[in-house]
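**Student:** Starting off with a structure, shown below.
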Amino acid sequence: MAFISVRDVAKTYVNDGVATPALEEVSFDIERGEFVAIMGPSGSGKSTLLHILGFLDRPTAGEYRFDGKTVADYTENGLAHVRNQKMGFVFQAFNLLPKTSVLENVKLPLIYSAVPAGEWESRATHAIEAVGLSHRVQHYSSQLSGGERQRVAIARALVNDPEVIFADEPTGNLDSKSGQAVMETLQKLNAEHGH
């Protein structure tokens, strides 16, 4: 069975009695180690789909299986555990704490993990090295360029050694050169760690 399996997934939002379909009958499989891009114009449902894949939202219809289990197979605590331990998230807006060092930003997900506190620093340092930012470890995120901030966000997504990273328009706020560097970082990490 595929690592990620989506079957006839639909999502409809209802506001003031008006139903707006965001997704209609989407089906696909993703195997472990694959590097997949979901393309489409603005408003075509990409973020909605990503939120469903990351257990941040639920489909209105259809079935989504992650590693063999559907959302219905998990308790709320189970979903939170999977999000924190098996998934890494990179968003367009970086979502970093500004007056906080790169190291402390990357450590954040470990606070909610089962990783012993004594390992946090080495885990975070290793993730920062993986995205080529060792020389920025003690800098505040507010002192970094946009491309560097996004690489910090990728390091933060990596720190729990997730099974999958979901990136929602990770280059959307960057110039083309920085955006290309971020995509190359993600592809390199996939080539080295995707299994």
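The values are calculated or read from the model by the stated rules, or taken from the named source; none is laboratory data. Every value quoted in this text rests on a predicted model; they were computed, and no experiment measured them. With ideal geometry, Cβ positions are generated from the backbone for all residues, glycine too; neighbour counts draw on all protein chains shown.
**Student:** Looking at segment 30-69, which of its residues are among the charged types (D, E, K, R), surrounded by 14 or more Cβ atoms within 10 Å (Cβ to Cβ) and more than 21 Å from His81 (Cα to Cα)?
**Tutor:** Answer for segment 30-69, where residues must be among the charged types (D, E, K, R), surrounded by 14 or more Cβ atoms within 10 Å (Cβ to Cβ) and more than 21 Å from His81 (Cα to Cα): just Lys46.
**Student:** Can you tell me which of Val131, Val182 is more than 28 Å from Gly43 (Cα to Cα) and either of a type in the set (A, V, I, L, M, F, W, C) or modelled with pLDDT under 85 (or both)?
**Tutor:** Step by step, each of Val131, Val182 is checked, and only Val131 is more than 28 Å from Gly43 (Cα to Cα) and either of a type in the set (A, V, I, L, M, F, W, C) or modelled with pLDDT under 85 (or both).
**Student:** Inside segment 57-71, can you point out the residues that are out of contact with any Leu (no Cβ under 8 Å at 6 or more places or on another chain) and hydrophobic (A, V, I, L, M, F, W, C)?
**Tutor:** Once the filter is applied, which keeps residues that are out of contact with any Leu (no Cβ under 8 Å at 6 or more places or on another chain) and hydrophobic (A, V, I, L, M, F, W, C), segment 57-71 yields only Ala61.
**Student:** Only one residue in Gly118, Gly78, Gly132 is within 24 Å of Glu192 (Cα to Cα) and surrounded by fewer than 16 Cβ atoms within 10 Å (Cβ to Cβ). Which one?
**Tutor:** Gly132
**Student:** Among what's in segment 6-35 and is assigned to a strand (DSSP E or B) and of a type in the set (Phe, Trp, Tyr), pick the residue that is modelled with the highest pLDDT.
**Tutor:** By that ranking, first place goes to Phe28.
**Student:** Suppose we filter segment 154-195 for residues that are assigned to a loop (DSSP other than H, G, I, E, B) and within 22 Å of Glu121 (Cα to Cα); how many remain?
**Tutor:** 5
**Student:** Please state which one of Glu148, Glu121 is free of Cβ contacts under 8 Å to residues at least 24 places away in the same chain, closer than 16 Å to Val182 by Cβ and not in a strand (DSSP E or B).
**Tutor:** Only one candidate qualifies: Glu148.
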